[in-house]
Amino acid sequence: MRVGVVTFPGSNCDYDAYAAFRHVLDYPVEFLWHGDADLHNVDCVILPGGFAFGDYLRAGAIARFSPVMRSVIAFAETGGLVWGICNGFQVLLEAGLLPGAMRRNASMRFACQWVRIKVESTQTPFLLGCRKGQILRMPIAHAEGNYFADEDVLDELEDSGRVVLRYVRADGTPDPRANPNGSRRNIAGIINAQGNVLGMMPHPERAVERILGSDDGLAMFHSLVGAGVVASGVPTQTVKPVERRAQV
Amino acid sequence: MSDPTITPALIADHGLSVEEFDKIKSILGREPTYAELGVFSVMWSEHCSYKNSIVLLKTLPREGSCMLAKAGEENAGVVDWGNGLAVVFKIESHNHPSAVEPYQGAATGVGGILRDIFTMGARPIAVLDSLRFGDPNNPRVRYLVDGVVRGVGDYGNCFGVPNIGGETIFEEAYTGNPLVNAMAIGIVRTDKIAKAAASLTGAPVMIIGSKTGRDGIHGATFASEELSEKSEGRRPQVQIGDPFTEKLLLEATLEMIDADLLVGIQDMGAAGITCSCSETAFRGGKGIHIDTARVPVRELGMTPYEILLSESQERMLAIVRPGCQGDVERICQKWQLEAAPIGVVTDSGRFTVDHDGKRQVDIPADSLALGGRVPQYKRAERRPEYLDQLAAFDPLTLPVPNDCGEALKRLLASPNLADKTWVYRQYDQSVRTGTAVGPGMDAGVVRIRKTNTALAAVIDGNGRYCYLNPRRGAQVAVAEAARNLVCVGARPLAVTNCLNFGNPHKPEMYYQFAECVRGMGDACRAFGTPVTGGNVSFYNEDPSRAVFPTPTIGMIGKIEDLALITTADFKEAGDGVALVGATKNELGGSEYLKVIHNAVAGSVPALEFEAELRVQRFVANAIRSGWIRSAHDCSDGGLAVTLFESCLGPDDRLWGLDADLSSGNGNLRPDALLFGEIQSRIVISFELDARERLQAAAASDGVPFWFLGRVASHDRFRLHPYIDESIGGLRAAHLNAFPALMDEVKAATAA
């Protein structure tokens with residue numbers, strides 16, 4: 001499996017994602033450039049955190065028009081693995097690869113803190129190695145992570161098992177106290193209908209070593225690397241496809 | 001548009017004295033042009049020239065085996081790290097801009113200090129911030145807090161550097177004039193350190209980054225006068241920050257340095273093009289000639305005067321290797337930045353400026369640059385009378401509180417001691433995946449990738465102590481910073497400082513300044529931590545008063561082995577808890593006096609360097625030997641607050657404590673014992689079977705060691721016989737106080 005991390009102007013977690021593969025897993029990884037439409041035959045594209053194009057207009061609104069994103073959209077539609085973390089999740093929403101939108105955090109402030117997220121489904125290569133119900137502890141760091149979608153979209157996401165990560169308390173309850181940003185139904189991460197595109201606000205790449213406070217994020221990296229064997233034939237759907245929605 | 005005539009009033013408006021204007025005429029051998037008047041005005045402002053401080057700053061210890069560049073030689077201090085790496089670090093103030101426009105003032109303060117770091121080729125790996133405001137019950141103060149915290153956060157968050165520590169302090173003295181000090185730290189390979197010198201004749205001079213606009217003109221001069229009713233009108237002099245452009249500028253700068261395309265490079269901060277050209281020319285022993293008409297500008301019709309003095313952010317002056325201009329342009333294009341050739345390095349030794357074929361400026365570079373012929377003054381000192389009055393106050397005449405538990409709760413909920421998560425939650429603490437210890441601890445720690453070492457850093461000031469006793473206050477600030485570093489397992493290496501004072505023309509103010517510099521020098525010599533550079537901010541006064549004299553100490557230290565990283569929190573129930581260092585009957589200047597007795601008075605806690613060093617060495621050895629599990633500096637709020645803080649584990653974990661203070665306390669007053677801010681003390685915890693070893697080592701090192709009790713898994717915080725409170729209740733008071741205060745801002749904004 002070949003992994004590529006996209007650098008947009010203003011990406012600032014691109015190196016962190018790179019380092020998780022390269023320095024922690026000792027796994028090959030390369031950078032992809034926003035202005036280059038060539039994905040260099042990677043099997044998985046990571047859209048990292050940061051402030052692509054300064055987040056001007058709206059987070060991800062300009063990045064989605066990058067040459068690399070045209071290729072990423074086509075790649076995703078043919079089953080290629082795409083993992084958007086934080087700003088990368090925002091880009092995926094703007095690009096229409098995932099439904100819904102991000103609003104400002106309910107506090108109207110940037111929030112950097114440790115959160116717990118529960119793995120609600122493992123039906124995606126990014127979470128294959130996790131246990132359903134497993135709780136992962138990792139940081140968030142964003143000002144716009146308040147996930148929003150219409151109630152019927154949310155219902156469809158839930159019904160089809162596409163809400164894969166949810167903010168929870170230590171005992172696993174997804175109550176308002178566990179919700180750091182006002183996100184609808186405590187949603188922290190969702191996948192597309194085929195399960196090959198994941199968007200999540202928390203930063204698993206910041207939780208890959210004990211010295212950083214947690215290595216829970218490793219479970220996701222191991223899942224992905226382990227999924228290499230099925231890279232092109234993503235695990236077949238137990239999830240039913242949902243028609244893509246217009247942006248909210 | 002023709003230039004204004006130079007009149008005495010215009011000269012005074014430029015912050016220049018009659019004598020200074022005469023000196024300018026004698027340097028030039030003629031009357032200055034309007035543009036030249038502007039150039040001298042900013043370069044001879046305190047902010048750029050250090051004219052009222054440099055004489056004293058030179059008395060600070062500035063040499064040390066770890067240093068790779070002398071203080072003041074480069075844009076920031078450079079310390080040898082080993083492994084072929086160097087650490088670059090510095091503090092800077094942005095007080096006046098933040099007083100007028102808190103968000104942009106604070107944001108550009110962070111932006112400015114980051115540029116100081118990466119202009120040397122170093123990649124920023126951490127920032128810290130030291131913030132001081134007035135009483136937070138004042139809505140204007142809360143507006144400032146809100147704006148400053150957002151500004152610090154938004155800039156660093158977007159740029160992508162973790163905030164690993166800081167302090168947020170409230171004292172009435174800072175009501176009209178808050179202090180916003182930001183510290184940045186970067187890391188660079190020693191063979192890639194860039195110089196800020198234009199040392200090659202004929203080398204093209206380019207401006208890189210943002211276009212030049214009319215923002216921030218005379219910002220340096222604004223920073224060098226007292227705040228007044230007129231200051232609101234200075235709003236246009238506050239620069240506007242764009243952290244996105246700064247991030248691009250970082251990447252482009254490092255790429256150009258890495259490719260060895262540059263002779264030298266300097267960021268543009270205060271006094272923009274003027275300062276960067278004249279300083280690089282002076283350092284290189286050369287001249288620089290530029291044409292302001294070639295500078296990319298944001299608006300039509302900008303005059304040479306405006307272009308020279310603009311403090312538009314996110315710009316760099318690059319002295320390019322001949323033949324490499326195309327490569328520089330290519331890299332800038334890649335990062336979507338402007339790059340324009342504006343001039344050339346000359347042999348003239350002069351800073352010359354043309355505009356549309358007309359000579360605007362022709363000044364010897366050495367008459368503009370620090371270290372050259374800028375004026376230097378030693379001002380008159382007079383010991384303020386209030387010092388003796390306040391020192392005469394004897395806190396031991398005050399009644400002892402009936403309920404020490406209640407007093408503790410009030411202290412924990414007071415603005416200075418309350419939990420500040422509200423602040424640093426707004427800062428990205430973990431980007432770059434290096435943060436091992438984040439904000440809210442004794443010191444922040446970032447590991448240095450590809451080595452087994454980590455860097456610890458702290459920013460620390462104590463305005464109240466310095467107000468009561470400037471010299472000792474400054475000594476204590478340095479001692480505390482060093483102690484904080486020792487507590488996380490680091491060896492203190494070097495210091496940067498930000499000196500925030502009132503108007504140096506007032507002898508009482510200058511006395512405070514001079515005494516603080518002397519105190520800092522005493523302590524830095526004692527701890528072997530050279531002062532690598534820093535920043536002076538005078539004129540921190542509003543019409544009603546001056547700020548407390550506040551030297552802010554930024555100190556870095558090295559942790560030789562990642563396994564030695566130690567934190568303040570208790571680790572296991574049953575572990576022993578002890579206080580290392582002597583406890584005395586001291587209450588002067590304490591948080592307790594202020595909060596419980598409403599007094600800012602008394603004698604500042606004594607500090608004896610030898611005793612301090614013994615305590616620090618003992619704890620450092622204990623950490624190295626693996627004997628202790630936590631270490632926490634015992635200072636602000638005293639022993640009770642320190643013990644409480646050690647009960648706070650990560651992830652909202654709370655420990656109980658069973659401590660017995662009834663014996664071994666030397667018959668101290670309970671409030672001095674619990675809340676006195678006696679120096680040179682550290683609270684440690686350890687596995688019980690290490691107790692004997694620790695006690696024996698303490699005895700042989702001559703360090704007082706007081707076994708207090710044991711960590712518990714129950715909910716009580718017991719300091720027998722004075723305090724027995726629910727730890728959950730104390731924590732709730734500590735945790736909720738500050739957000740409750742600040743949430744009123746939200747309510748007020750919404751209304």
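The values are calculated or read from the model by the stated rules, or taken from the named source; none is laboratory data. Source: prediction; values computed, not measured. Backbone-built Cβ (ideal geometry, glycine too); neighbour counts: all protein chains shown. Side chains included, ligands, DNA and RNA excluded: accessible areas come from the protein's heavy atoms. Shrake-Rupley method; radii C 1.70, N 1.55, O 1.52, S 1.80 Å.
Among the residues of segment A:127-138, at least one is open to solvent by less than 10 Å² (accessible area, probe 1.4 Å) and more than 14 Å from chain B (Cβ to nearest Cβ). Out of curiosity, is B:Ile556 within 30 Å of B:Asn177 (Cα to Cα) and either buried (at least 24 other Cβ atoms within 10 Å of the Cβ) or touching a residue at least 12 places away in the same chain (Cβ under 8 Å) (or both)? It is true that B:Ile556 is within 30 Å of B:Asn177 (Cα to Cα) and either buried (at least 24 other Cβ atoms within 10 Å of the Cβ) or touching a residue at least 12 places away in the same chain (Cβ under 8 Å) (or both). Among the residues of segment B:127-169, which ones are of a type in the set (A, V, I, L, M, F, W, C), closer than 15 Å to B:Gly463 by Cα and either without any contact (Cβ under 8 Å) to a residue 60 or more places away in the chain or crowded, with 23+ Cβ neighbours inside 10 Å (or both)? Matches in segment B:127-169: B:Leu131, B:Phe133. Taken as a whole, the structure places B:Gly147 among residues that are closer than 28 Å to B:Glu591 by Cβ and within 14 Å of chain A (Cβ to nearest Cβ). Of the helices (runs of 4 or more DSSP H) lying entirely inside segment B:88-167, those carrying at least 2 residues that are among the acidic types (Asp, Glu) are B:139-159. Sub-6 Å Cβ pairs linking a first residue in segment A:5-17 that is at the interface with chain B (Cβ under 9 Å from one of its Cβ atoms) and assigned to a helix (DSSP H, G or I) to a second residue that is hydroxyl-bearing (Ser, Thr, Tyr) and buried (at least 24 other Cβ atoms within 10 Å of the Cβ), at least 6 apart or interchain, are A:Asp16/B:Thr433, ordered by first then second residue. With respect to the conditions (1) within 30 Å of B:Trp655 (Cα to Cα); (2) away from every other protein chain (no Cβ under 14 Å); (3) among the small types (Gly, Ala, Ser); (4) surrounded by fewer than 24 Cβ atoms within 10 Å (Cβ to Cβ), B:Ala563 falls short on a single one, namely (2). Among the residues of segment B:154-172, just one is under 23 Å from B:Asp542 (Cα atoms) and of a type in the set (Phe, Trp, Tyr), namely B:Phe170. A single member of A:Pro174, A:Pro235, A:Pro202 is modelled with pLDDT of 95 or more, assigned to a loop (DSSP other than H, G, I, E, B) and open to solvent by 10 Å² or more (accessible area, probe 1.4 Å), and it is A:Pro174. Out of curiosity, is A:His34 open to solvent by 40 Å² or more (accessible area, probe 1.4 Å) and more than 10 Å from every other protein chain (Cβ to nearest Cβ)? So A:His34 does not fit the description; no. Considering only segment B:339-348, I want to know if a residue exists there that is open to solvent by 20 Å² or more (accessible area, probe 1.4 Å), away from chain A (no Cβ under 14 Å), touching a residue at least 60 places away in the same chain (Cβ under 8 Å) and in contact with an Asp or Glu (Cβ under 7 Å, 6 or more places away or on another chain). So far as segment B:339-348 goes, yes, one or more of its residues are open to solvent by 20 Å² or more (accessible area, probe 1.4 Å), away from chain A (no Cβ under 14 Å), touching a residue at least 60 places away in the same chain (Cβ under 8 Å) and in contact with an Asp or Glu (Cβ under 7 Å, 6 or more places away or on another chain). Of the set (1) open to solvent by less than 10 Å² (accessible area, probe 1.4 Å); (2) assigned to a strand (DSSP E or B); (3) closer than 29 Å to B:Ile331 by Cα, all apply to B:Val180 but (3). Residues in segment B:705-721 that are touching a helix residue (DSSP H, G or I) at 6+ places or on another chain (Cβ under 8 Å) and open to solvent by less than 60 Å² (accessible area, probe 1.4 Å): 5 in all.
Which members of segment B:88-114 meet the condition of being among the hydroxyl-bearing types (Ser, Thr, Tyr) and farther than 17 Å from B:Thr550 by Cα? B:Tyr103, B:Thr108, listed by residue number. Taking residues in segment B:526-547 that are more than 23 Å from B:Val600 (Cα to Cα), and partners anywhere that are aromatic (Phe, Trp, Tyr) and in a strand (DSSP E or B), not one pair has Cβ atoms closer than 7 Å while being at least 6 places apart or on different chains. Within segment B:608-656, the set of residues being crowded, with 18+ Cβ neighbours inside 10 Å, within 26 Å of the chain's Cα centre (by Cα) and assigned to a loop (DSSP other than H, G, I, E, B) comprises B:Cys634, B:Ser635, B:Asp636, B:Gly637.
All conditions but one from (1) more than 14 Å from every other protein chain (Cβ to nearest Cβ); (2) open to solvent by less than 10 Å² (accessible area, probe 1.4 Å) apply to A:Ala63; the one that does not is (1). Tell me whether segment B:375-394 contains one or more residues that are in contact (Cβ under 8 Å) with a residue 24 or more places away in the chain and surrounded by 22 or more Cβ atoms within 10 Å (Cβ to Cβ). Scanning segment B:375-394, I find no residue that is in contact (Cβ under 8 Å) with a residue 24 or more places away in the chain and surrounded by 22 or more Cβ atoms within 10 Å (Cβ to Cβ), so the answer is no.
Residues considered: B:Ser312, B:Ser228, B:Ser224. Of these, the only one that is modelled with pLDDT under 95, open to solvent by 30 Å² or more (accessible area, probe 1.4 Å) and either closer than 16 Å to B:Ala194 by Cα or of a type in the set (Gly, Ala, Ser) (or both) is B:Ser228. Among the residues of segment B:411-434, the one identified as under 20 Å from B:Asp146 (Cβ atoms), more than 10 Å from chain A (Cβ to nearest Cβ) and not in a loop (DSSP other than H, G, I, E, B) is B:Val423.
The set of residues in segment A:38-51 that are open to solvent by less than 50 Å² (accessible area, probe 1.4 Å) and either more than 9 Å from every other protein chain (Cβ to nearest Cβ) or over 19 Å from the mean Cα position of the chain (by Cα) (or both) comprises A:Leu39, A:Val42, A:Cys44, A:Val45, A:Ile46, A:Leu47, A:Pro48.
Across segment A:91-116, which residue is most open to solvent (accessible area, probe 1.4 Å) among those that are touching a residue at least 60 places away in the same chain (Cβ under 8 Å), part of a strand (DSSP E or B) and within 14 Å of chain B (Cβ to nearest Cβ)? In this case the residue turns out to be A:Trp114.
Yes/no matrix, rows are residues, columns are (1) within 14 Å of chain B (Cβ to nearest Cβ); (2) surrounded by 24 or more Cβ atoms within 10 Å (Cβ to Cβ):
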residue	(1), (2)
A:Asp150	no, no
A:Leu165	no, yes
A:Gly189	no, yes
A:Leu198	no, yes
A:Val208	yes, yes
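Number of residues in segment B:495-536 that are in a helix (DSSP H, G or I), open to solvent by 10 Å² or more (accessible area, probe 1.4 Å) and touching a strand residue (DSSP E or B) at 6+ places or on another chain (Cβ under 8 Å) equals 2. Checking B:Ile288 against (1) open to solvent by 10 Å² or more (accessible area, probe 1.4 Å); (2) assigned to a strand (DSSP E or B): exactly one of these is not met. Which one? The number of the failed condition is (1). Is it the case, given these coordinates, that A:Arg22 is more than 28 Å from A:Ala178 (Cα to Cα) and within 14 Å of chain B (Cβ to nearest Cβ)? Criteria met by A:Arg22. Given the criterion of a type outside the set (D, E, K, R) and modelled with pLDDT of 95 or more, identify the matching residue among B:Gly151, B:Gly64, B:Gly72. Sole residue among the options that is of a type outside the set (D, E, K, R) and modelled with pLDDT of 95 or more: B:Gly151.
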